[in-house]
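S.K.: Could you have a look at this structure, given as structure tokens, before my questions?
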Amino acid sequence: MHAHVAQPALDDRIHSYFVGLVAVVGAVGAYNWRILQSRLTEPRGESRLQRSTVLELGFGIVLLGITAVLVALPIPEEMRR
């Protein structure tokens, strides 16, 4: 006999992904700003910053996609009251 395990609604999971991705984008941006920017004078500093910036941009694009999904979701019934 299996107990019924309530699964979070799709929008709850999307919100969780959104918050997590905001944290990742912020962390990569802070890393670029605080660490890699000061290492630009090193031999491979520019390529490291470029790779990290592309990574940050990729996460930002995914974040934009999740934002589009969240905006398109209907308002939950309990919030309409």
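The values are calculated or read from the model by the stated rules, or taken from the named source; none is laboratory data. Everything numeric in this text was worked out from a predicted model, so none of it was measured. We place every Cβ from the backbone using ideal geometry, glycine too, and count neighbours over all the protein chains shown.
S.K.: Tally the residues that are in contact with a Phe, Trp or Tyr (Cβ under 8 Å, 6 or more places away or on another chain) and farther than 27 Å from residue 77 by Cα, restricting the search to region 11-37.
M.R.: Going through region 11-37 one residue at a time, the tally reaches 3.
S.K.: Residue 54: surrounded by fewer than 11 Cβ atoms within 10 Å (Cβ to Cβ) and modelled with pLDDT of 90 or more, yes or no?
M.R.: Yes; evaluated as a whole, the condition is true for this residue.
S.K.: Give the residues of region 13-31 that are more than 27 Å from residue 46 (Cβ to Cβ) and not hydrophobic (A, V, I, L, M, F, W, C), sorted by residue number.
M.R.: Once the filter is applied, which keeps residues that are more than 27 Å from residue 46 (Cβ to Cβ) and not hydrophobic (A, V, I, L, M, F, W, C), region 13-31 yields 13, 15, 16, 17, 20.
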